[in-house]
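What follows is one structure encoded as C-alpha coordinates, with my remarks underneath.
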Amino acid sequence: MSAKAPITQDVMTIPRKLPEGPINLVGLTRPQMRETLIAHGTPEKQAKMRVGQIWQWIYQWGVRDFAEMTNLAKAYRADLAEKFVIEIPEVVSRQVSEDGTRKYLVRIAGGHEVEVVYIPEEGRGTLCVSSQVGCTLTCSFCHTGTQKLVRNLTSAEIVGQIMMARDDLEEWPVPGAPKDETRLLSNIVLMGMGEPLYNFDNVRDAMKIAMDPEGISLSRRRITLSTSGVVPEIARTAQEIGCLLAISFHATTDETRDVLVPINKRWKIKELLQALADYPRVSNSERITFEYVMLEGVNDTKEDAHRLIALIKEYNIPAKINLIPFNEWPGAPYKRSSGNRIHAFADIIYKAGYASPIRTPRGEDIMAACGQLKSATERARKSRKQIEAEAGL
Ligand code: SAH
Ligand code: SF4
(Lines give C-alpha, C1' and ligand atoms only; values in the text may rest on other atoms or scores of the structure.)
(Ligands and ions follow the chains in the order given, each with its own letter.)
Protein backbone atom coordinates (compact mmCIF):
# COMPACT_ATOMS: atom_id res chain seq x y z
CA MET A 1 0.00 0.00 0.00
CA SER A 2 1.49 3.41 -0.92
CA ALA A 3 1.86 6.04 1.76
CA LYS A 4 -1.10 8.05 0.52
CA ALA A 5 -3.44 5.19 -0.26
CA PRO A 6 -6.74 5.65 1.52
CA ILE A 7 -7.59 3.07 4.10
CA THR A 8 -10.96 1.87 2.99
CA GLN A 9 -13.68 0.51 5.14
CA ASP A 10 -15.20 -2.08 2.81
CA VAL A 11 -17.70 -2.82 5.53
CA MET A 12 -21.13 -4.33 5.27
CA THR A 13 -23.62 -4.16 8.07
CA ILE A 14 -26.43 -6.67 8.09
CA PRO A 15 -29.78 -4.89 8.11
CA ARG A 16 -31.47 -5.08 11.48
CA LYS A 17 -34.71 -6.08 9.95
CA LEU A 18 -34.33 -9.26 7.95
CA PRO A 19 -36.80 -9.67 5.10
CA GLU A 20 -38.69 -12.42 6.85
CA GLY A 21 -38.85 -13.49 10.45
CA PRO A 22 -39.34 -11.49 13.61
CA ILE A 23 -37.45 -8.30 14.46
CA ASN A 24 -34.88 -8.25 17.23
CA LEU A 25 -35.64 -5.60 19.85
CA VAL A 26 -32.11 -5.77 21.29
CA GLY A 27 -29.83 -3.00 20.05
CA LEU A 28 -32.59 -0.52 19.19
CA THR A 29 -32.25 2.88 20.83
CA ARG A 30 -35.34 4.12 22.70
CA PRO A 31 -36.60 6.21 19.72
CA GLN A 32 -35.97 3.29 17.36
CA MET A 33 -37.85 0.90 19.63
CA ARG A 34 -40.75 3.34 19.83
CA GLU A 35 -40.96 3.62 16.04
CA THR A 36 -40.73 -0.14 15.66
CA LEU A 37 -43.55 -0.79 18.15
CA ILE A 38 -45.78 1.81 16.48
CA ALA A 39 -45.07 0.40 13.03
CA HIS A 40 -46.30 -2.97 14.31
CA GLY A 41 -49.53 -1.93 15.92
CA THR A 42 -48.77 -0.43 19.33
CA PRO A 43 -50.98 2.70 19.65
CA GLU A 44 -48.89 5.85 19.40
CA LYS A 45 -50.20 7.20 22.69
CA GLN A 46 -49.01 4.15 24.61
CA ALA A 47 -45.72 3.69 22.81
CA LYS A 48 -43.45 5.67 25.14
CA MET A 49 -44.73 3.84 28.21
CA ARG A 50 -44.44 0.45 26.51
CA VAL A 51 -40.83 1.19 25.52
CA GLY A 52 -40.09 2.07 29.15
CA GLN A 53 -41.58 -1.20 30.37
CA ILE A 54 -40.03 -3.47 27.75
CA TRP A 55 -36.69 -1.69 28.12
CA GLN A 56 -36.55 -2.42 31.83
CA TRP A 57 -37.41 -6.07 31.32
CA ILE A 58 -34.70 -6.51 28.72
CA TYR A 59 -31.89 -4.42 30.13
CA GLN A 60 -32.55 -4.22 33.85
CA TRP A 61 -33.85 -7.70 34.55
CA GLY A 62 -32.32 -9.63 31.68
CA VAL A 63 -35.62 -11.16 30.58
CA ARG A 64 -35.69 -12.79 27.11
CA ASP A 65 -39.24 -14.08 27.06
CA PHE A 66 -42.18 -11.72 26.53
CA ALA A 67 -44.40 -14.03 28.64
CA GLU A 68 -42.42 -12.96 31.73
CA MET A 69 -43.22 -9.26 31.25
CA THR A 70 -45.95 -9.33 33.83
CA ASN A 71 -46.84 -5.65 33.82
CA LEU A 72 -48.04 -5.95 30.21
CA ALA A 73 -51.49 -7.33 29.29
CA LYS A 74 -51.45 -10.99 28.29
CA ALA A 75 -52.81 -10.35 24.82
CA TYR A 76 -50.17 -7.66 24.21
CA ARG A 77 -47.39 -10.01 25.36
CA ALA A 78 -48.61 -12.66 22.92
CA ASP A 79 -48.72 -10.07 20.15
CA LEU A 80 -45.15 -8.98 20.89
CA ALA A 81 -43.96 -12.58 20.90
CA GLU A 82 -45.38 -13.06 17.42
CA LYS A 83 -43.65 -10.04 15.94
CA PHE A 84 -40.42 -9.66 17.87
CA VAL A 85 -37.57 -11.53 19.46
CA ILE A 86 -35.04 -10.64 22.17
CA GLU A 87 -31.88 -12.15 20.80
CA ILE A 88 -28.21 -11.99 21.74
CA PRO A 89 -25.17 -13.77 20.29
CA GLU A 90 -24.92 -17.46 21.05
CA VAL A 91 -22.02 -18.73 23.16
CA VAL A 92 -20.08 -21.38 21.26
CA SER A 93 -17.35 -21.98 23.80
CA ARG A 94 -16.07 -20.63 27.08
CA GLN A 95 -12.54 -21.03 28.38
CA VAL A 96 -11.43 -20.09 31.86
CA SER A 97 -7.78 -19.15 32.47
CA GLU A 98 -5.90 -20.11 35.60
CA ASP A 99 -6.06 -16.42 36.61
CA GLY A 100 -9.87 -16.43 36.35
CA THR A 101 -10.06 -14.62 32.98
CA ARG A 102 -12.89 -15.97 30.84
CA LYS A 103 -12.76 -16.03 27.07
CA TYR A 104 -15.97 -16.57 25.16
CA LEU A 105 -16.36 -17.37 21.53
CA VAL A 106 -19.78 -16.18 20.38
CA ARG A 107 -21.59 -16.83 17.14
CA ILE A 108 -23.42 -14.06 15.32
CA ALA A 109 -25.71 -13.98 12.27
CA GLY A 110 -24.09 -15.45 9.18
CA GLY A 111 -22.21 -18.02 11.28
CA HIS A 112 -19.34 -15.62 12.08
CA GLU A 113 -17.59 -15.75 15.40
CA VAL A 114 -16.05 -13.13 17.66
CA GLU A 115 -14.24 -13.26 20.97
CA VAL A 116 -15.20 -11.54 24.20
CA VAL A 117 -13.01 -11.52 27.32
CA TYR A 118 -14.02 -11.06 30.96
CA ILE A 119 -11.23 -10.01 33.33
CA PRO A 120 -12.05 -10.26 37.05
CA GLU A 121 -10.19 -7.84 39.31
CA GLU A 122 -10.26 -6.95 42.98
CA GLY A 123 -13.71 -5.47 43.64
CA ARG A 124 -14.55 -5.03 39.96
CA GLY A 125 -14.46 -6.72 36.59
CA THR A 126 -13.87 -5.62 33.03
CA LEU A 127 -15.44 -6.94 29.87
CA CYS A 128 -13.41 -6.57 26.70
CA VAL A 129 -15.93 -6.20 23.88
CA SER A 130 -15.43 -6.67 20.12
CA SER A 131 -16.83 -4.27 17.54
CA GLN A 132 -15.99 -6.03 14.25
CA VAL A 133 -15.32 -9.52 12.95
CA GLY A 134 -11.66 -9.07 12.04
CA CYS A 135 -10.29 -5.61 11.27
CA THR A 136 -9.58 -3.60 8.10
CA LEU A 137 -6.47 -2.19 9.66
CA THR A 138 -3.28 -4.17 9.62
CA CYS A 139 -1.28 -3.24 12.69
CA SER A 140 1.74 -5.48 12.29
CA PHE A 141 1.90 -6.65 15.94
CA CYS A 142 -1.80 -7.51 16.30
CA HIS A 143 -3.27 -10.95 15.74
CA THR A 144 -6.68 -9.57 14.82
CA GLY A 145 -4.94 -7.50 12.14
CA THR A 146 -3.95 -10.71 10.36
CA GLN A 147 -7.60 -11.59 9.91
CA LYS A 148 -9.50 -9.89 7.13
CA LEU A 149 -12.51 -7.82 8.02
CA VAL A 150 -15.65 -9.84 7.60
CA ARG A 151 -18.20 -7.35 8.77
CA ASN A 152 -19.19 -4.77 11.35
CA LEU A 153 -21.14 -5.99 14.35
CA THR A 154 -24.64 -4.60 14.77
CA SER A 155 -25.52 -2.66 17.91
CA ALA A 156 -27.48 -5.75 19.07
CA GLU A 157 -24.38 -7.88 18.73
CA ILE A 158 -22.28 -5.35 20.64
CA VAL A 159 -24.63 -4.77 23.58
CA GLY A 160 -25.49 -8.49 23.36
CA GLN A 161 -21.92 -9.33 24.41
CA ILE A 162 -22.51 -7.48 27.68
CA MET A 163 -25.84 -9.26 28.19
CA MET A 164 -24.21 -12.62 27.45
CA ALA A 165 -21.54 -11.97 30.08
CA ARG A 166 -24.14 -10.97 32.66
CA ASP A 167 -25.93 -14.24 31.91
CA ASP A 168 -22.73 -16.20 32.46
CA LEU A 169 -21.83 -14.29 35.63
CA GLU A 170 -25.44 -14.69 36.82
CA GLU A 171 -25.53 -11.00 37.47
CA TRP A 172 -29.08 -10.03 36.57
CA PRO A 173 -30.91 -8.72 39.61
CA VAL A 174 -33.92 -10.55 40.92
CA PRO A 175 -37.12 -8.45 41.09
CA GLY A 176 -37.83 -7.38 44.64
CA ALA A 177 -34.34 -8.21 45.95
CA PRO A 178 -32.23 -5.41 47.46
CA LYS A 179 -29.90 -3.63 45.05
CA ASP A 180 -26.37 -4.95 45.06
CA GLU A 181 -23.88 -2.31 43.98
CA THR A 182 -20.82 -4.53 43.91
CA ARG A 183 -20.76 -5.57 40.34
CA LEU A 184 -18.79 -8.40 38.86
CA LEU A 185 -19.08 -6.64 35.52
CA SER A 186 -18.35 -3.01 36.34
CA ASN A 187 -16.32 -1.76 33.37
CA ILE A 188 -16.35 -2.07 29.61
CA VAL A 189 -13.37 -1.68 27.33
CA LEU A 190 -13.84 -1.59 23.56
CA MET A 191 -10.52 -3.34 23.05
CA GLY A 192 -11.58 -6.64 21.55
CA MET A 193 -11.55 -7.41 17.86
CA GLY A 194 -11.93 -4.55 15.41
CA GLU A 195 -11.59 -0.78 15.20
CA PRO A 196 -14.62 0.68 17.03
CA LEU A 197 -14.43 4.03 15.24
CA TYR A 198 -14.88 2.30 11.87
CA ASN A 199 -18.24 1.10 13.18
CA PHE A 200 -19.17 4.34 14.86
CA ASP A 201 -22.97 4.36 14.77
CA ASN A 202 -23.43 0.83 16.04
CA VAL A 203 -20.82 1.27 18.77
CA ARG A 204 -22.44 4.54 19.84
CA ASP A 205 -25.95 3.06 19.95
CA ALA A 206 -24.76 0.02 21.90
CA MET A 207 -22.88 2.16 24.43
CA LYS A 208 -25.87 4.49 24.85
CA ILE A 209 -27.95 1.44 25.69
CA ALA A 210 -25.30 0.20 28.15
CA MET A 211 -25.27 3.63 29.85
CA ASP A 212 -29.05 4.04 30.08
CA PRO A 213 -29.86 4.41 33.78
CA GLU A 214 -32.95 2.22 33.52
CA GLY A 215 -31.02 -0.75 32.23
CA ILE A 216 -27.44 -1.95 32.34
CA SER A 217 -26.67 1.45 33.79
CA LEU A 218 -22.90 1.69 33.39
CA SER A 219 -21.48 5.16 33.85
CA ARG A 220 -19.73 6.67 30.83
CA ARG A 221 -16.60 6.87 32.98
CA ARG A 222 -16.57 3.10 33.23
CA ILE A 223 -16.48 2.67 29.47
CA THR A 224 -13.18 3.04 27.58
CA LEU A 225 -13.04 3.10 23.82
CA SER A 226 -9.69 2.24 22.29
CA THR A 227 -8.85 3.48 18.80
CA SER A 228 -5.84 3.15 16.57
CA GLY A 229 -6.37 6.81 15.62
CA VAL A 230 -9.33 7.44 13.32
CA VAL A 231 -8.86 11.18 13.73
CA PRO A 232 -12.13 12.52 12.25
CA GLU A 233 -14.21 10.31 14.55
CA ILE A 234 -12.44 11.31 17.77
CA ALA A 235 -14.39 14.56 18.17
CA ARG A 236 -17.63 12.68 17.49
CA THR A 237 -16.74 10.18 20.18
CA ALA A 238 -16.42 13.03 22.66
CA GLN A 239 -19.70 14.60 21.60
CA GLU A 240 -21.89 11.58 20.98
CA ILE A 241 -20.58 8.95 23.41
CA GLY A 242 -18.58 10.87 26.02
CA CYS A 243 -16.78 7.78 27.32
CA LEU A 244 -13.10 7.57 28.24
CA LEU A 245 -10.64 7.33 25.39
CA ALA A 246 -7.58 5.15 24.92
CA ILE A 247 -5.26 5.59 21.98
CA SER A 248 -3.06 2.87 20.51
CA PHE A 249 -0.02 5.09 20.21
CA HIS A 250 2.86 2.61 20.15
CA ALA A 251 5.51 4.75 18.43
CA THR A 252 7.04 8.21 18.74
CA THR A 253 8.05 8.88 15.14
CA ASP A 254 5.87 8.77 12.03
CA GLU A 255 8.40 6.47 10.44
CA THR A 256 7.92 3.74 13.04
CA ARG A 257 4.22 4.36 13.57
CA ASP A 258 3.59 4.04 9.82
CA VAL A 259 4.78 0.44 10.11
CA LEU A 260 3.23 -0.53 13.45
CA VAL A 261 -0.12 1.25 13.08
CA PRO A 262 -0.55 1.81 9.32
CA ILE A 263 -3.52 4.16 9.78
CA ASN A 264 -0.74 6.61 10.67
CA LYS A 265 -0.07 6.94 6.94
CA ARG A 266 -3.45 8.61 6.69
CA TRP A 267 -3.41 10.66 9.90
CA LYS A 268 0.04 11.54 11.20
CA ILE A 269 1.11 11.76 14.85
CA LYS A 270 0.69 15.55 15.03
CA GLU A 271 -2.86 15.49 13.65
CA LEU A 272 -3.70 12.73 16.09
CA LEU A 273 -2.26 14.63 19.06
CA GLN A 274 -4.27 17.72 18.15
CA ALA A 275 -7.50 15.66 18.13
CA LEU A 276 -6.54 14.14 21.48
CA ALA A 277 -5.77 17.53 23.00
CA ASP A 278 -9.35 18.61 22.26
CA TYR A 279 -10.98 15.43 23.61
CA PRO A 280 -11.10 16.02 27.38
CA ARG A 281 -12.66 19.45 27.04
CA VAL A 282 -15.40 18.28 24.68
CA SER A 283 -16.21 15.06 26.51
CA ASN A 284 -15.65 16.55 29.96
CA SER A 285 -13.58 13.48 30.80
CA GLU A 286 -10.28 13.09 32.56
CA ARG A 287 -7.06 11.66 31.28
CA ILE A 288 -6.49 9.96 27.97
CA THR A 289 -4.83 6.57 28.14
CA PHE A 290 -1.88 6.17 25.79
CA GLU A 291 -1.41 2.49 25.04
CA TYR A 292 2.15 1.58 24.18
CA VAL A 293 3.06 -1.97 23.27
CA MET A 294 6.66 -2.82 24.15
CA LEU A 295 8.43 -4.42 21.18
CA GLU A 296 12.04 -5.43 21.53
CA GLY A 297 14.38 -3.23 19.49
CA VAL A 298 11.51 -1.45 17.73
CA ASN A 299 10.05 1.23 20.01
CA ASP A 300 11.51 0.60 23.47
CA THR A 301 14.57 2.86 23.85
CA LYS A 302 15.11 5.63 26.39
CA GLU A 303 14.97 8.10 23.50
CA ASP A 304 11.52 6.79 22.66
CA ALA A 305 10.37 7.37 26.23
CA HIS A 306 11.70 10.96 26.20
CA ARG A 307 10.15 11.66 22.79
CA LEU A 308 6.81 10.33 24.01
CA ILE A 309 6.84 12.68 26.99
CA ALA A 310 7.88 15.62 24.83
CA LEU A 311 4.96 15.01 22.43
CA ILE A 312 2.39 14.72 25.21
CA LYS A 313 3.76 17.87 26.87
CA GLU A 314 3.85 19.83 23.62
CA TYR A 315 0.12 19.26 23.21
CA ASN A 316 -0.59 19.58 26.90
CA ILE A 317 -2.64 16.37 27.03
CA PRO A 318 -3.74 15.03 30.42
CA ALA A 319 -2.43 11.50 30.00
CA LYS A 320 -1.71 8.15 31.56
CA ILE A 321 0.65 5.83 29.71
CA ASN A 322 -0.25 2.18 29.79
CA LEU A 323 2.73 0.03 28.85
CA ILE A 324 1.66 -3.29 27.35
CA PRO A 325 4.24 -6.09 27.23
CA PHE A 326 3.86 -7.54 23.74
CA ASN A 327 1.74 -10.68 23.74
CA GLU A 328 3.00 -13.21 21.29
CA TRP A 329 0.89 -15.17 18.84
CA PRO A 330 1.82 -17.86 16.35
CA GLY A 331 3.89 -16.32 13.56
CA ALA A 332 4.18 -12.91 15.22
CA PRO A 333 7.06 -10.90 13.72
CA TYR A 334 8.10 -9.28 17.05
CA LYS A 335 9.39 -10.11 20.51
CA ARG A 336 8.43 -8.71 23.89
CA SER A 337 10.91 -6.19 25.35
CA SER A 338 12.80 -7.41 28.39
CA GLY A 339 11.47 -6.66 31.88
CA ASN A 340 14.43 -4.30 32.45
CA ARG A 341 13.69 -2.32 29.31
CA ILE A 342 10.02 -2.00 30.20
CA HIS A 343 10.80 -0.85 33.73
CA ALA A 344 13.40 1.67 32.55
CA PHE A 345 10.86 3.06 30.06
CA ALA A 346 8.17 3.25 32.75
CA ASP A 347 10.57 5.02 35.09
CA ILE A 348 11.34 7.84 32.66
CA ILE A 349 7.65 8.44 32.12
CA TYR A 350 6.85 8.33 35.81
CA LYS A 351 9.64 10.77 36.65
CA ALA A 352 8.21 13.16 34.06
CA GLY A 353 5.00 13.23 36.11
CA TYR A 354 2.75 10.75 34.31
CA ALA A 355 1.30 7.50 35.59
CA SER A 356 2.96 4.62 33.73
CA PRO A 357 1.41 1.32 34.79
CA ILE A 358 2.69 -1.84 33.13
CA ARG A 359 -0.26 -3.94 32.10
CA THR A 360 -0.15 -7.46 33.50
CA PRO A 361 -1.05 -9.84 30.70
CA ARG A 362 -4.24 -11.69 31.60
CA GLY A 363 -5.46 -14.98 30.25
CA GLU A 364 -2.34 -15.68 28.21
CA ASP A 365 -2.76 -19.44 28.66
CA ILE A 366 -6.07 -19.27 26.76
CA MET A 367 -4.85 -16.70 24.18
CA ALA A 368 -7.12 -14.06 25.68
CA ALA A 369 -4.52 -11.35 26.24
CA CYS A 370 -4.47 -8.02 24.34
CA GLY A 371 -3.97 -8.49 20.66
CA GLN A 372 -4.23 -12.27 20.73
CA LEU A 373 -7.87 -12.43 19.73
CA LYS A 374 -8.70 -13.97 16.44
CA SER A 375 -11.45 -16.40 15.66
CA ALA A 376 -9.75 -19.55 14.52
CA THR A 377 -12.77 -20.50 12.47
CA GLU A 378 -12.44 -17.55 10.11
CA ARG A 379 -10.81 -18.96 7.02
CA ALA A 380 -10.01 -15.66 5.36
CA ARG A 381 -6.58 -15.00 6.70
CA LYS A 382 -3.38 -13.51 5.46
CA SER A 383 -0.30 -15.56 4.80
CA ARG A 384 2.79 -15.29 6.92
CA LYS A 385 4.54 -13.69 3.95
CA GLN A 386 1.91 -10.98 3.76
CA ILE A 387 2.21 -10.27 7.49
CA GLU A 388 5.98 -9.96 7.24
CA ALA A 389 5.78 -7.79 4.14
CA GLU A 390 3.38 -5.42 5.89
CA ALA A 391 5.64 -5.31 8.93
CA GLY A 392 8.47 -4.25 6.64
CA LEU A 393 10.59 -7.29 7.50
N1 SAH B 1 -8.66 -1.55 17.35
C2 SAH B 1 -8.56 -0.87 18.57
C3 SAH B 1 -8.96 -1.70 19.77
C4 SAH B 1 -8.49 -3.13 19.86
S5 SAH B 1 -6.84 -3.51 20.28
C6 SAH B 1 -7.18 -0.32 18.76
O7 SAH B 1 -6.30 -0.68 18.00
O8 SAH B 1 -7.00 0.50 19.66
C9 SAH B 1 -6.62 -3.21 22.02
C10 SAH B 1 -5.16 -2.86 22.37
O11 SAH B 1 -4.29 -4.02 22.30
C12 SAH B 1 -4.58 -1.85 21.40
O13 SAH B 1 -3.84 -0.87 22.06
C14 SAH B 1 -3.69 -2.71 20.55
O15 SAH B 1 -2.73 -1.94 19.91
C16 SAH B 1 -3.12 -3.68 21.58
N17 SAH B 1 -2.51 -4.87 20.99
C18 SAH B 1 -2.76 -5.42 19.78
N19 SAH B 1 -1.98 -6.52 19.58
C20 SAH B 1 -1.25 -6.66 20.71
C21 SAH B 1 -0.29 -7.64 21.13
N22 SAH B 1 0.02 -8.67 20.36
N23 SAH B 1 0.26 -7.51 22.35
C24 SAH B 1 -0.09 -6.48 23.16
N25 SAH B 1 -1.01 -5.54 22.81
C26 SAH B 1 -1.57 -5.63 21.61
FE1 SF4 C 1 -7.27 -3.51 14.24
FE2 SF4 C 1 -6.69 -2.49 16.69
FE3 SF4 C 1 -5.54 -4.78 15.86
FE4 SF4 C 1 -4.85 -2.45 14.74
S5 SF4 C 1 -4.54 -3.05 16.91
S6 SF4 C 1 -5.29 -4.38 13.64
S7 SF4 C 1 -6.80 -1.35 14.73
S8 SF4 C 1 -7.73 -4.46 16.22
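The values are calculated or read from the model by the stated rules, or taken from the named source; none is laboratory data. Here the structure is a predicted model, which means the values were calculated and not measured. As a convention, Cβ positions derive from the backbone with ideal geometry for all residues, glycine included, and neighbour counts pool all protein chains shown.
Results, tabulated for the structure shown:
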read-out	value
Residue among 160, 145 that alone is within 11 Å of ligand 2 (Cβ to nearest atom), part of a helix (DSSP H, G or I) and assigned by TED's automatic domain parsing to the domain that holds residue 288	145
Strands (runs of 3 or more DSSP E) wholly inside region 82-138 that include at least 1 residues being within 16 Å of ligand 1 (Cβ to nearest atom)	102-107, 113-121, 124-128
For residue 47: the one exception among (1) small (Gly, Ala, Ser); (2) in contact (Cβ under 8 Å) with a residue 60 or more places away in the chain; (3) surrounded by 15 or more Cβ atoms within 10 Å (Cβ to Cβ)	(2)
Evaluation of residue 235 against (1) assigned to a helix (DSSP H, G or I); (2) within 24 Å of residue 128 (Cβ to Cβ) (one fails), failing number	(2)
Selection within region 57-81 - without any contact (Cβ under 8 Å) to a residue 40 or more places away in the chain and assigned to a helix (DSSP H, G or I)	57, 66, 67, 68, 74, 75, 76, 77, 78, 79, 80, 81
Residues within region 208-259 that are in contact with a Cys (Cβ under 6 Å, 6 or more places away or on another chain) and within 16 Å of ligand 2 (Cβ to nearest atom), tallied	1
Test: residue in region 106-116 that is within 21 Å of residue 172 (Cα to Cα), of a type outside the set (Lys, Arg) and not assigned by TED's automatic domain parsing to the domain that holds residue 359	no
Selected residue [assigned by TED's automatic domain parsing to the domain that holds residue 165 and more than 16 Å from ligand 2 (Cβ to nearest atom)] from 98, 44, 68	98
Subset of region 313-330 that is free of Cβ contacts under 8 Å to residues at least 60 places away in the same chain and within 19 Å of residue 144 (Cβ to Cβ) - its residue that is surrounded by the fewest Cβ atoms within 10 Å (Cβ to Cβ)	330
Cross-chain or 6+ apart pairs with Cβ under 6 Å, region 281-295 first and farther than 15 Å from residue 315 by Cα and within 15 Å of ligand 2 (Cβ to nearest atom), then part of a helix (DSSP H, G or I) and at pLDDT 75 or above	294/342
From the options 153, 127, residue that is under 19 Å from the mean Cα position of the chain (by Cα), more than 30 Å from residue 258 (Cβ to Cβ) and buried (at least 23 other Cβ atoms within 10 Å of the Cβ)	127
Some residue of region 233-255 being touching a His at 6+ places or on another chain (Cβ under 7 Å) and either within 12 Å of ligand 1 (Cβ to nearest atom) or free of Cβ contacts under 8 Å to residues at least 40 places away in the same chain (or both)	no
Which listed residue, of 254, 304, 300, is farther than 27 Å from residue 222 by Cα, among the charged types (D, E, K, R) and touching a strand residue (DSSP E or B) at 6+ places or on another chain (Cβ under 6 Å)	300
Members of region 18-38 that are more than 11 Å from residue 83 (Cα to Cα) and either hydrophobic (A, V, I, L, M, F, W, C) or at pLDDT 95 or above (or both)	18, 26, 27, 28, 29, 30, 31, 32, 33, 34, 35, 38
Sole residue being within 30 Å of residue 151 (Cα to Cα), more than 19 Å from the chain's Cα centre (by Cα) and either modelled with pLDDT under 95 or not β-branched (Val, Ile, Thr) (or both), chosen from 368, 310, 344, 380	380
Condition broken by residue 359, with the remaining ones in (1) surrounded by 15 or more Cβ atoms within 10 Å (Cβ to Cβ); (2) away from ligand 2 (no atom under 16 Å from the Cβ) satisfied	(2)
